């Protein structure tokens, strides 16, 4: 299996690659500001809200974009079908994972995440730039279906017949706090697996064996159907990425909790 991760040294040595900076903060500051302060030379800024998601609504706060809209966004950022893509952020790859997943879902076959993000890059003594590069329009074609997805009913069923992971912090899973969505709690039967525990203190992913052991503790092993959700399908993509590093396939409930609670008839569990 080819790893979905790449080291700073390997990225620095790679020619002919499109690099996307997908830094983002819930509540700010805007990722574009962080990008202008300094980014990997040649990287192009990719916005989570407008490039990697559709408009918020019944499908959640970060629903899948329409294929045509995603194709247009990626072409504008210089993404092409036969050119490798590397994505990075500065928050343990939690946002970069959404870019990795979206590109994979829409058919790109060579996407990797910079393990450790911008901190790993600068920690390796590699340079940053403030100038935005000139971008040639890419030749990316959206082909939806490259990664497995779940809708609400399928997520509910998976929580009973397989393993559905809730990637949010434990207090949100338990329903003790809910800073974003109107209802607190979790999908009945889901298992809490905070995304933050997929990486070490340096923001790099745990080794594949360590990740396999972590997910085995939740009942996930070869042959067990697995999926993940979070608040709006961003950090859950990080869970899917971590499982891929571990060699375990998983589906993403893109709408996640923000979609689940949009229908008041859906059950909510706490504790």
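The values are calculated or read from the model by the stated rules, or taken from the named source; none is laboratory data. Just so it is clear, the model here is predicted, and its values are computed rather than measured. Positions of Cβ are backbone-derived with ideal geometry, glycine not excepted, and every protein chain shown enters the neighbour counts.
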Quiz prompt | Selected residue (criterion: surrounded by the most Cβ atoms within 10 Å (Cβ to Cβ)) from residues of segment 116-132 that are more than 20 Å from residue 10 (Cβ to Cβ) and in contact with a strand residue (DSSP E or B) (Cβ under 8 Å, 6 or more places away or on another chain) | solution = 132
Self-check item: Those residues of segment 67-96 which are within 16 Å of residue 137 (Cα to Cα) and part of a helix (DSSP H, G or I), in sequence order
Solution: 68, 69, 70, 71, 72, 73, 74, 75, 76
Exercise. Filter segment 204-223 for residues that are within 13 Å of residue 162 (Cβ to Cβ) and more than 21 Å from the chain's Cα centre (by Cα) and give the result.
Key: 219, 221, 222, 223
Quiz item: Taking residue 242 and the conditions (1) under 24 Å from residue 60 (Cβ atoms); (2) not in a helix (DSSP H, G or I), which numbered condition does it fall short on, given that it satisfies the others?
Solution: (2)
Practice problem: Give the residues of segment 163-188 that are crowded, with 18+ Cβ neighbours inside 10 Å, touching a residue at least 60 places away in the same chain (Cβ under 8 Å) and in a loop (DSSP other than H, G, I, E, B), sorted by residue number. | Solution: 167, 168, 181, 184, 185, 187
Practice problem: Could you tell me which of the residues 41, 4, 30 is modelled with pLDDT under 95 and either closer than 20 Å to residue 234 by Cα or not assigned by TED's automatic domain parsing to the domain that holds residue 202 (or both)? | Solution: 30
Practice problem: All but one of (1) touching a helix residue (DSSP H, G or I) at 6+ places or on another chain (Cβ under 9 Å); (2) part of a loop (DSSP other than H, G, I, E, B) hold for residue 99, so report the exception by its number. | Solution: (2)
Exercise. For residue 195, work out the one condition from (1) under 19 Å from the mean Cα position of the chain (by Cα); (2) in the same structural domain as residue 64 (by TED's automatic domain parsing) it doesn't fulfil.
Key: (2)
